[in-house]
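The values are calculated or read from the model by the stated rules, or taken from the named source; none is laboratory data. Remember, it's a predicted structure, so these values are computed and weren't measured experimentally. Cβ atoms come from the backbone with ideal geometry, glycine included; neighbour counts cover every protein chain shown.
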Amino acid sequence: MNNLEVFIVFISLFVLFVALGFSGSRFRKGDMSDLGEWAIAGRRLGGYLAWFLVGGDLYTAYTFIAIPNALFVKGAIYFFAVPYVGITFGVAMLTMPRLWKIAKEKNYVTAVDMVQDKFNSKSLAALIALTGIVAELPYIALQIYGMQAVLTVMIGQLVTVDAATITEIALIISFIILAAFTFTSGLRGAAVTAVMKDVIIFVTVIVVIVVVPMAIGGFGHAFSSMKALPTGNETLAPLFLNGFISLVIMSALALYLYPHAINAVLGTSSTKRIRYSTALLPIYGVGLALLALFGILAYGSTSTLAMISKYGPVTTVPSLIYNYFPSWFVGFAFLGIFIGGLVPASIMAISQANLLTRNVIKPYKKNMTPQQETRYAKYFSVIFKFIALLFIFVISATYSLQLQLLGGVIVLQTLPAIFIALFSNKLEKWSTGVGWAAGMFTGIYLLLAANDFNSITTVLFKFSTPLSFLYVGLIGLVVNLVIAVIGSLLVGAFRGTSSKKAAKVEQ
Amino acid sequence: MVNYGVNDELSLETKGTTNQKVIVAILLLIPMVVFAATPIYNFNGPQLLGLSFYYWFETLWLVISAIFYLGAAYMLNKMESGKA
């Protein structure tokens with residue numbers, strides 16, 4: 001392996017990527033000091049680019065780093081990502097076209113705009129916006145881990161300092177590049193580079209999933225060289241059945257509650273396009289499934305195992321690629337994985353900043369100029385990334401997937417205010433708020449309890465039989481829903497018909 | 001129940017006959033139910049290319065679910081245009 005060649009290919013492609021990102025800010029020129037321009041590209045992105053944004057969201061560090069990593073360490077339960085992807089697009093088919101139509105009719109830009117109108121409450125809207133913003137933070141941290149994993153292997157093979165120093169340097173470099181890129185290019189830059197990211201990633205995924213299993217001698221060989229993993233090797237250990245199903249269903253409900261996912265849907269040009277592209281998205285998931293299986297394939301390759309023990313299980317996929325390809329392709333694939341974390345993290349940070357200025361600050365500070373708005377959003381996008389870094393101290397790279405699942409526990413608490421309000425006017429604002437608080441408290445408390453109040457390594461809480469393990473996000477959401485529904489019924493019974501009159505007067 | 005909503009949506013009622021709605025519901029529900037019914041695929045055999053049933057069945061269903069969802073998308077789009 002020529003490590004210098006890997007590095008040169010990586011850097012050359014990265015220069016091209018950055019050039020594209022900057023030219024992206026000039027693409028279909030707009031005034032970048034305007035928030036609409038920076039955050040939603042002036043709503044002039046065609047259906048094609050918008051489709052890339054939605055589909056490309058599937059291939060992030062979650063796919064390349066976190067899922068194979070989790071499968072490698074813990075085993076079969078983390079194949080839950082596959083049924084999750086299968087179900088989530090069904091959920092999207094039911095909810096997203098409706099949200100798009102309401103947004104178009106009422107001129108909404110975020111889902112929280114709808115919450116504010118439906119519940120007629122600035123505070124509930126701000127609460128839901130902040131929840132979405134906080135939920136994105138660990139997801140962004142996961143992307144930074146992904147970028148770091150690639151750099152760790154690449155720099156580690158190139159120079160001979162100790163691995164811990166390299167990892168830290170890699171983390172700092174990843175973070176600075178991410179912050180600078182988001183600040184300057186906005187969503188327009190992210191959308192343009194998303195195309196380059198997806199092309200590189202598609203080539204990488206297809207080549208890698210054909211070559212590596214053959215070189216290793218098939219899955220049979222890998223399975224037979226495996227030690228017993230905690231949640232099962234060939235099949236899921238029965239003890240984890242409920243944990244698996246709760247992870248599947250809750251993750252499927254959570255994806256389209258994330259601000260960045262909704263952002264991309266609202267940028268699409270028609271409901272018909274949303275339905276067709278959503279229907280096809282499970283096929284994208286096949287690549288995710290095969291990459292997940294790399295967590296098993298790694299056991300069939302002693303050279304890969306040696307590398308993983310040196311750089312950590314978070315480098316499962318980069319290590320496999322490194323061991324089975326020529327230098328130039330390793331550089332190419334590594335860049336794909338690197339920007340596969342960079343672009344989504346940037347998109348997430350933009351949707352956070354957009355939500356904060358639009359739904360938290362602006363309703364209380366009406367006299368902001370558009371220039372001020374954009375300046376706030378840009379600086380907040382940098383601040384948020386610093387906060388995201390904090391999550392890296394709470395959850396170690398080995399358990400990087402738990403970052404995304406922690407985000408899930410948080411974002412799921414916005415389900416009543418967003419998904420239920422989408423179809424029904426029967427929820428009352430105070431009950432929804434109290435339900436949110438109770439769900440959030442229950443979810444976070446059980447998460448900490450499940451980890452004995454130490455750093456987070458699992459999101460499953462162990463109940464006594466027959467429940468056994470359950471994803472804490474499920475329990476939080478159930479508590480939330482019960483309170484929101486019963487509360488709304490009680491308030492309704494007290495107010496009786498007077499609330500109907502009040503509603504009419506307000507209109 | 002009481003309606004708390006300030007503004008009721010006007011033009012969002014789904015068009016189409018009951019039959020069409022039932023078909024759409026079935027097309028969407030089948031893949032979702034199959035994926036969530038983990039005990040029906042949590043087996044080692046029959047294997048495919050050395051891969052246990054558990055892994056390849058879930059992966060294969062990604063493709064099958066896309067076909068079901070496409071059918072639902074086609075029906076919903078047709079219903080939306082009002083060309084029943």
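Screening segment A:77-127 for residues that are aromatic (Phe, Trp, Tyr) and within 20 Å of the chain's Cα centre (by Cα) and picking the one that is farthest from the other protein chains (Cβ to nearest Cβ) gives A:TYR78.
Being charged (D, E, K, R), assigned to a helix (DSSP H, G or I) and more than 30 Å from A:ALA279 (Cα to Cα) is true for just one of A:GLU105, A:GLU168. Which residue is that? Spell out the reasoning first.
Details: A:GLU105 fails: more than 30 Å from A:ALA279 (Cα to Cα).
None of the other options fit; the residue is A:GLU168.
For segment B:71-84, how many residues meet the condition of being more than 7 Å from chain A (Cβ to nearest Cβ) and part of a helix (DSSP H, G or I)? Don't jump to the end; show me each part of the working.
Residues of segment B:71-84 that are more than 7 Å from chain A (Cβ to nearest Cβ), as a first pass: B:71, B:74-75, B:78-79, B:81-84.
Applying the additional criterion that residues be part of a helix (DSSP H, G or I) yields B:71, B:74-75, B:78-79, B:81.
Of the residues in that region, 6 qualify.
So for segment B:65-79 (the condition being surrounded by fewer than 19 Cβ atoms within 10 Å (Cβ to Cβ), in contact (Cβ under 8 Å) with a residue 60 or more places away in the chain and of a type in the set (A, V, I, L, M)), does at least one residue qualify? There is at least one residue in segment B:65-79 that is surrounded by fewer than 19 Cβ atoms within 10 Å (Cβ to Cβ), in contact (Cβ under 8 Å) with a residue 60 or more places away in the chain and of a type in the set (A, V, I, L, M).
Identify, please: which residue in segment A:228-268 is of a type in the set (Val, Ile, Thr), closer than 20 Å to B:ALA66 by Cβ and within 10 Å of another protein chain (Cβ to nearest Cβ) and is, among those, surrounded by the most Cβ atoms within 10 Å (Cβ to Cβ)?
Taking segment A:228-268 and keeping what is of a type in the set (Val, Ile, Thr), we get A:231, A:235, A:245, A:248-249, A:262, A:265, A:268.
Adding the requirement that they be closer than 20 Å to B:ALA66 by Cβ leaves A:248-249, A:265, A:268.
Applying the additional criterion that residues be within 10 Å of another protein chain (Cβ to nearest Cβ) yields A:248-249.
On the way: A:VAL248: 26, A:ILE249: 23.
Filtering first and then ranking leaves A:VAL248.
Flag: A:ILE410 matches the condition of being in contact (Cβ under 8 Å) with a residue 12 or more places away in the chain and closer than 30 Å to A:LYS429 by Cβ. Just checking, does segment B:8-23 include any residue being at the interface with chain A (Cβ under 7 Å from one of its Cβ atoms), surrounded by 17 or more Cβ atoms within 10 Å (Cβ to Cβ) and either modelled with pLDDT of 90 or more or over 30 Å from A:HIS221 (Cβ atoms) (or both)? No, every residue in segment B:8-23 fails to be at the interface with chain A (Cβ under 7 Å from one of its Cβ atoms), surrounded by 17 or more Cβ atoms within 10 Å (Cβ to Cβ) and either modelled with pLDDT of 90 or more or over 30 Å from A:HIS221 (Cβ atoms) (or both). Residues considered: A:TYR84, A:TYR78, A:TYR59. Of these, the only one that is among the aromatic types (Phe, Trp, Tyr) and modelled with pLDDT under 90 is A:TYR59. Count of segment A:269-306 residues, restricted to those that are among the β-branched types (Val, Ile, Thr), within 14 Å of chain B (Cβ to nearest Cβ) and surrounded by fewer than 24 Cβ atoms within 10 Å (Cβ to Cβ), is 3.
Condition first: farther than 21 Å from A:GLY90 by Cβ, out of contact with any helix residue (DSSP H, G or I) (no Cβ under 9 Å at 6 or more places or on another chain) and at pLDDT below 95. Can you find one or more residues in segment B:71-84 that meet it?
Residues of segment B:71-84 farther than 21 Å from A:GLY90 by Cβ: B:81-84.
Filter once more, keeping what is out of contact with any helix residue (DSSP H, G or I) (no Cβ under 9 Å at 6 or more places or on another chain): B:82-83.
Next, only the ones that are at pLDDT below 95 stay: B:82-83.
Yes, that holds for at least one residue.
Output yes when any residue across segment A:206-213 is within 30 Å of A:THR131 (Cα to Cα) and crowded, with 22+ Cβ neighbours inside 10 Å, and no when none is. No: zero hits.
Conditions tested, residue by residue: (1) closer than 25 Å to B:GLY45 by Cβ; (2) in contact (Cβ under 8 Å) with a residue 40 or more places away in the chain; (3) not in a helix (DSSP H, G or I).
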position: A:ALA222; (1), (2), (3): yes, yes, no
position: A:ASN233; (1), (2), (3): yes, yes, yes
position: A:LEU239; (1), (2), (3): yes, yes, no
position: A:ASN242; (1), (2), (3): yes, yes, no
position: A:LEU253; (1), (2), (3): no, yes, no
position: A:LEU257; (1), (2), (3): no, yes, yes
position: A:LYS272; (1), (2), (3): no, no, no
position: A:SER277; (1), (2), (3): no, yes, no
position: A:LEU281; (1), (2), (3): no, yes, no
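Of all residues in segment A:80-132, exactly one satisfies the criterion of being under 30 Å from A:GLY232 (Cα atoms) and polar (S, T, N, Q), namely A:THR88. None of A:ILE155, A:ILE169, A:ILE144, A:ILE177 is surrounded by fewer than 24 Cβ atoms within 10 Å (Cβ to Cβ), touching a helix residue (DSSP H, G or I) at 6+ places or on another chain (Cβ under 9 Å) and within 14 Å of A:GLY341 (Cα to Cα) except A:ILE177. Of all residues in segment B:45-70, those satisfying the criterion of being within 8 Å of chain A (Cβ to nearest Cβ), in contact with a helix residue (DSSP H, G or I) (Cβ under 6 Å, 6 or more places away or on another chain) and farther than 12 Å from A:GLY86 by Cβ are B:GLY50, B:LEU51, B:LEU70.
Of all residues in segment A:134-164, which are among the charged types (D, E, K, R) and modelled with pLDDT under 90? Lay out the reasoning, then the answer.
Residues of segment A:134-164 that are among the charged types (D, E, K, R), as a first pass: A:136, A:162.
Selection gives A:ASP162 alone.
Residues in segment B:28-44 that are at the interface with chain A (Cβ under 7 Å from one of its Cβ atoms), buried (at least 19 other Cβ atoms within 10 Å of the Cβ) and either of a type in the set (Lys, Arg) or assigned to a helix (DSSP H, G or I) (or both): B:LEU28, B:PRO31, B:MET32, B:PHE35, B:THR38.
Regarding A:THR398, is this residue modelled with pLDDT of 90 or more, hydroxyl-bearing (Ser, Thr, Tyr) and out of contact with any strand residue (DSSP E or B) (no Cβ under 6 Å at 6 or more places or on another chain)? Here the answer is no, as A:THR398 does not meet what is asked. For segment A:319-356, filtering for residues that are buried (at least 24 other Cβ atoms within 10 Å of the Cβ) and more than 11 Å from A:VAL6 (Cβ to Cβ) leaves 22.
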